[in-house]
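Before any comments, here is the structure.
Please treat every number below as a calculation from the coordinates, not as lab data. Computed from a predicted model, the values in this text were never measured in an experiment. Note that each Cβ is placed from the backbone with ideal geometry, even for glycine, and that neighbours are counted across all protein chains shown.
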Amino acid sequence: MDGVLMRSCAVYSETEQSKLPLPVEVHARMRASFRLTLAAFAAVVSLTLLSARGPVLAASNPQAPAAPPAGSPPPHYNFPAPTNLQVLPKTMTGEEVHAIMEKWEGELGSGCRTCHAVDTKNVGPNGRPRLNFADDSKEEKRTARMMYRMTDKINTDYISMIPNSDQGVSCGTCHRGHLGPEAFVPPARHEDHDHPPAPPAGAPAPAAGR
């Protein structure tokens, strides 16, 4: 393309310099050819620049990572080793303790902050302070330990002694998804199945043995 442009420019320049009388239509065709050549050269230069800038733009504007397909499991998170375990076995891993905490949350209808104190000096990537799981300053945490000891004793010393009973008690046995257990009110009974109903007033008493 550069060679065609140079030859066109040379022909046009030689024609102008020679001052030879040419017909008007010849001058018009030469000017039109010269303009088309310039337009083609500009288009080639533009395409070359765009193709060169493509990798640079892609590097400076990386695309966001594609979202995982629907139904795929969440990414695995490595939970740190627990510290200050007093009622749970000290050999438990972070994942095992986390699974128990999630179970208790569901049974109590609560969250991590119910028992664990907030560490305002330890801020996470989301701008929120992290929890200090080893801290024992909250009364709710001490109560949770006492309730765990209670359910463990009931299961070990009593439930295990009942024949054919393999269903132990847990937080959910009483709490049923509420932090404060709700009082159970039995439904009203309108008749006593263990004794016959009393006869109406003035009616003779039923004979014995009937």
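At full extension, N84 and R128 could sit 13.5 nm farther apart than now, given 0.36 nm per residue minus the alpha carbon distance.
Largest first, the three principal axis extents of the alpha carbons in region 94-175 are 54, 22, 21 Å in whole numbers.
Multiplying the residue separation of H76 and Q167 by 0.36 nm and subtracting their alpha-carbon distance yields 29.6 nm.
Taking 7 Å steps out from each Cα toward its Cβ at D152 and A198 produces label points 5.3 nm apart. Each Lys or Arg adds one and each Asp or Glu subtracts one; over the other residues with Cβ under 12 Å from the Cβ of V97, this totals -1.
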